[in-house]
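Values quoted throughout were computed directly from the atomic coordinates according to the rules given, and no laboratory measurement underlies them. All of these numbers come straight from a predicted model, not from anything done at the bench. Cβ sites come from the backbone with ideal geometry, for glycine too, and all protein chains shown count toward neighbours.
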Amino acid sequence: MDWRKTFAKFKYHYDISASFLGLINFFLLSITASVPIQNFLITRLKINLDQFLIVGILCAILIIVFLLFGFALDSIFQYWENMSTIQNQKNPQISEILENTRKILRRRK
């Protein structure tokens, strides 16, 4: 296998795992930050919440924000459609197939 294809394969696997590692990292960070948040809520707002409830609320907020951001990227910016167009333009095999298909369609008219 060509080193470029090997690099692309590893980069592909990295990109897939990196999205989940961000979620795991935030989960661990919210566990670490839950005690100071709990202390802040007790001293300032007189609200007593369990540490695991704070972690759950933070993670739920994160997931909702991710979903809203993904929805905005999809519906407002048409991110995947534009990304696929750019990838297809940079892929010589796809460009050749598209060009040949257009030639066939022009001949049929």
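How much length, in nm to one decimal, is gained on full extension between Leu67 and Ser17, taken as 0.36 nm per residue of separation minus their Cα-Cα distance?
16.2 nm
Report, please, the projected area of the chain averaged over directions, based on the convex hull of its C-alpha atoms, in nm².
Reported value for the Cα convex hull: 11.6 nm².
Using Cα pairs closer than 8 Å and at least 6 residues apart in sequence, work out the relative contact order for the chain, in percent.
Normalised by residue count, the contact order of the chain is 15 percent.
By how many degrees, between 0 and 90 and to the nearest 10, does the Cα long axis of helix 79-90 differ from the longest principal axis of the chain?
40 degrees
Using Cβ counts within 10 Å as a stand-in for footprinting exposure, how do Val55, Val65 rank, fewest first?
Final ranking by Cβ density, sparse to dense: Val65, Val55.
In nm, give the distance between the simple-model label positions of Phe26 and Arg4, each being 7 Å from the Cα along the Cα-to-Cβ direction.
Between Phe26 and Arg4, the simple spin-label model gives 3.6 nm.
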